[in-house]
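Peer 1: What follows is a structure written as structure tokens; I'll ask about it next.
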Amino acid sequence: MNCINCGAEIHSKYCSECGQRTSVKRITFKEGWYDFWARIYGFDGLFPRTLRDLTLRPGVATRAFISGNRTLYYGPVGYFFLMITVVLLFMSLLDVDLMVFLKSGHGISPLHPKVNSDNSTVVSRILGFVSNNIKIISFLIIPFQAFCARFIFFRKRGFNFIEHFVLPFYILGHLYWITLLVVLNYKFLGDAIPNTVWIVTSMLFFGYAYSNFIGDQPFWKTFLKGVGILITAQILFIVLVTVFILLLAIINPDFYQLMKPSNNP
């Protein structure tokens, strides 16, 4: 039997040359739905398996990907950006404004802002910048996490700098499922979950993920190192961003005036 796409001889469910299915049925709603999930996005068992294993054993799934298994799990970069896109689309469908949502997590009410509050003004401007550049900012933190893992906490584990990108991509992408639940809670119950809840959840998941990523050290040791990677990377990121802003303020004084809170009532 020859492949309908490339003409190569095939002996299995899929063509070994181009991946074309051997059995192709007439176009129906069911067939179209299958192609949508299985062919376009490659979710024929791949995504559910990735979702399951990143929840139960994220470190093991990461080691499998690093070791060369590229068909068992969804790619880390693709998974990361997929989840960001899903969250933003989900918020758009629910008519949840990202800026307002971020403010609620920091205890800032857009309906009842604090008068003459310099801190609230600065935080609002920062959150406005974050909401407009959420994908870039979420992506930029990952090199810092990889750096901390490779050169500070797990220097002798045998993974190179680029390989240390894989687990943070998976972790941060997977944490967006929590964001979806928070958005649902915010939309339908009106409750703003404090930002500290997200921080604690991230710390716990980072610790757990690294504890089964590095299997030759005690659980609590690798757990604390995972938490340390998250905290240290955040500090380095904030320091670098602060230095960058100060340099901009020195080079362009108008930038400082833009960020400076207003003293007018």
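The values are calculated or read from the model by the stated rules, or taken from the named source; none is laboratory data. All values reported here derive from a predicted model rather than from experimental measurement. Glycine also receives a Cβ, built like all others from the backbone with ideal geometry; neighbour counts cover every protein chain displayed. These accessible areas exclude ligands, DNA and RNA; they are computed on the full protein's heavy atoms, side chains included. Shrake-Rupley method; radii C 1.70, N 1.55, O 1.52, S 1.80 Å.
Peer 1: Work through the residues other than residue 209 whose Cβ is under 15 Å from its Cβ and net out their charges, Lys, Arg +1 and Asp, Glu -1.
Peer 2: Numbers: positive: 52, 57, 63, 157, 221, 225; negative: 53, 163.
Local net charge: +4.
Peer 1: Give me the accessible area of residue 177, 1.4 Å probe, in Å² rounded to the nearest 10.
Peer 2: Its heavy atoms expose roughly 80 Å² to the probe.
Peer 1: Still on this structure, please answer the following. If you take the beta carbon distance between residue 136 and residue 219 as r and set R0 to 30 Å, what does 1/(1 + (r/R0)^6) give as a FRET efficiency, to the nearest 0.05?
Peer 2: Calculated transfer efficiency: 0.30.
Peer 1: According to the square roots a ≥ b ≥ c of the eigenvalues of the Cα gyration tensor, what is the shape class of region 132-241, taking rounded for a/c under 1.5, prolate for a/b larger than b/c otherwise, and oblate for the remainder?
Peer 2: Here region 132-241 falls in the prolate category.
Peer 1: For residue 14, what residues show an amide H to amide H distance below 5 Å, using hydrogens built from the backbone and excluding near sequence neighbours?
Peer 2: For residue 14, the qualifying residues are 22.
Peer 1: Under 5 Å between amide hydrogens, which residues at least 5 positions from residue 217 or on another chain qualify, with H placed 1.01 Å from N in the peptide plane?
Peer 2: none
Peer 1: Using a 1.4 Å probe and ignoring any ligands, DNA or RNA, find the accessible area of residue 211 and quote it in Å² to the nearest 10.
Peer 2: The accessible area of residue 211 comes to roughly 10 Å².
Peer 1: Related question: Can you put 9, 163 in order of accessible area, largest first, using a 1.4 Å probe?
Peer 2: Ranked list, largest accessible area first: 9, 163.
Peer 1: Give me the one-decimal nm value for the distance between modelled label points at residue 97 and residue 57, 7 Å along each residue's Cα-to-Cβ direction.
Peer 2: 4.6
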